[in-house]
1. For the chain, give me the percentage of DSSP beta bridges that are antiparallel, rounded to the nearest 5 percent.
2. Which of rounded, prolate, oblate describes the chain, given a ≥ b ≥ c as roots of the alpha-carbon gyration tensor eigenvalues and a/c under 1.5 marking rounded, otherwise prolate only if a/b is larger than b/c?
3. Would you be so kind as to identify which of ALA248, THR49, MET310 lies farthest towards the positive end of the dipole of the chain, taking Lys and Arg as +1 and Asp and Glu as -1 on Cβ and the Cα centre as origin?
4. Would you please state the base-10 log of I(q)/I(0) at q = 0.18 1/Å for the stretch 263-367, with intensities from the Debye formula using one equal scatterer on every alpha carbon?
5. May I ask for the distance between the Cα centers of the stretch 97-112 and the stretch 27-75, given as a whole number of Å?
6. Where nothing but the Cβ of Lys and Arg (+1) and of Asp and Glu (-1) is charged, how large is the charge dipole of the stretch 84-341 around its Cα centre, in debye to the nearest 20?
7. Pick out which of PHE362, PHE420, PHE156 has the largest mean-square fluctuation in a Gaussian network model of the chain, springs linking Cα atoms closer than 10 Å.
8. Distance from the Cα centre of the stretch 421-445 to that of the stretch 356-387, in angstrom?
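Just so it is clear, none of the values below were taken in a lab; they were calculated from the coordinates. Just so we're clear, the structure is a prediction, and the values are computed from it rather than from any experiment. Glycine gets a Cβ as well: all are built from the backbone with ideal geometry, and neighbour counts include every protein chain shown.
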Amino acid sequence: MTDHVTGGPGLPQERRLVTAVPGPESTALQARKIAAVAPGVGTTLPVYTVAAGGGVIVDVDGNSLIDLGSGIAVTSVGNSAPRVVEAVTAQVESFTHTCFMITPYDGYVRVAEALNRLTPGTHEKRTALFNSGAEAVENAVKIARAATLRQGVAVFDHAYHGRTNLTMAMTAKNMPYKHGFGPFASEVYRAPLSYPFRDGGLSGEEAARRAIDVLDKQVGAGNLAAVVIEPIQGEGGFIAPADGFLPALAEWCRASGIVFVADEVQTGFARTGDLFACDHEGVVPDLIVTAKGIAGGLPLAAVTGRAEIMDAPHVGGLGGTYGGNPLACAAALAVIETIEADGLVDRARAIGKTMLDRLHAFGDDRIGDVRGRGAMMAVELVKPGTTEPDPELTRTVATAAHAEGVVVLTCGTYGNVLRFLPPLAIPDHLLTEAFDVLQQVFEEH
C-alpha cells in the first residue's frame, strides 16, 4: 500500500501505526523469507521496508517506525541523505565497477586521502579499502603480522570483531556467532577488559595493568603482533572502559613493539560525539579500522594507519574484487562532507545528552547501568537490587517497543543490554517521542 513512498527529506517524520507490527503484508513477506532464505540469517523485527530517512523507517503496511538502530550504526547520516543519494546516482551513471586492482579510479584515492586526514594522529598514513568490518579487521591483523613478523593477536573479554574465521576467534560471544563453526584460527589470546559496572571500582589504569599482566604472563609481549580493541565495545554491551585504560594499553604497545589496532567499526564517524571514539582521550592508534557509518549504507570498510606499518605487506598482498567499489567511495565522500557541513559531531553530543537525561530520569531499579557516549547509548538491565543480568526483561522491553513502533536493538554478552543508535539525522521531536514510548514500556513491564 506504500509502494509510492520514497525516502529523503520529504518523508514525513512521524511515528504512525496503521496495523499491528508486523502487519499483514510484512507477515506475508516473512513467510516468503522463511521459505527462500537460509534460516541462519536472522531478523530482529520482521517489518519489510519500503522507505526510510531522517529518523523513520516505513514498512509495506504503511507503518512509520522511529529508528533507534540505524542498521546497527550504519546509516548515521540517515538512510537517504541527500548528498549521498546525489553522489551515488552520479557515479552509477558513470560506471559501477572496474576493480581498483585492474584499472583504478580517483574515488578510492580521495577516500584514502580523507581518512588519512581525519583519523587520529598527524603522522604519515596510508589507507586500504575493503567491503566489511570483519574483512578490514582481518586485514589489519595481516598488516600487523607483516610489519612485526610476529603472530599473536590479543583481544578482550566481550569483544566482537566479525564473522569470518579469524574474527570469530577474536569475538568473545559464543551464541550466535561462534557456536558450531570451529575450529577457529590460532594465535588469538584474550585479556580482561575494563568494565566499570562490573569491575568493583577498578580504575582504568588498574584494569590496564591487569590486562597487561595477563598478556605478559600468558603470551609474552614479544610474541604479539597486535592488540585489537573496540574503544567502546559494540555487540559486547556498549562497554566504555574507564578513563585511562586505552591510553595505558596504547603506551604498553608502543614500548613493546606491538601494533595497537582500534576497531572503530561501530564507533566511527561522529557516532560517539567525537569523529572517532579514540579522540575522547587523545589515543592515537597505529591502525584504525572503520566501516558501518563510513558510506551511508553502502558496503565499504577501511584500514588506515602509520605509513611504515601499512607499507609492510608486499604488492598484491592486500585487496579484493569489490574493495573500494566506486559507488561506495562516492557515498563515503558524501558522508564525510555531510558530517562536516552539517555539524554532526556536535549533533551526536546533543542526542547523547538527551538520551542520557531521559534514561536517568526513568528511575527504574532494574536499570543497573546507563552508559555510552554521544549517539551510542545503552542500559544494562538487571534483577532489582543486584547486578544479576536480566535478559528476559531485555527481550520483553525490546518486543514491546517494537510493537509500539520504536526500533531498538539488544546486545551484551549476557543478552541484557538495550542499545540506542539513532541516526544523527533524527529530529528532536522523534527522539523525545521514542523515549516517551520507552518510558511507558518500562512502566508497564
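1. Restricted to the chain, the bridges split so that about 65 percent are antiparallel.
2. Oblate, since a/c reaches 1.5 and b/c is not below a/b.
3. It is MET310, whose Cα lies furthest towards the positive end.
4. Summing over Cα pairs of the stretch 263-367 leads to -0.98.
5. For the stretch 97-112 versus the stretch 27-75, the Cα centre distance is 32 Å.
6. Dipole of the stretch 84-341, to the nearest 20 debye: 700 debye.
7. Highest fluctuation among the options: PHE362.
8. Between the Cα centres of the stretch 421-445 and the stretch 356-387 lies a distance of 14 Å.
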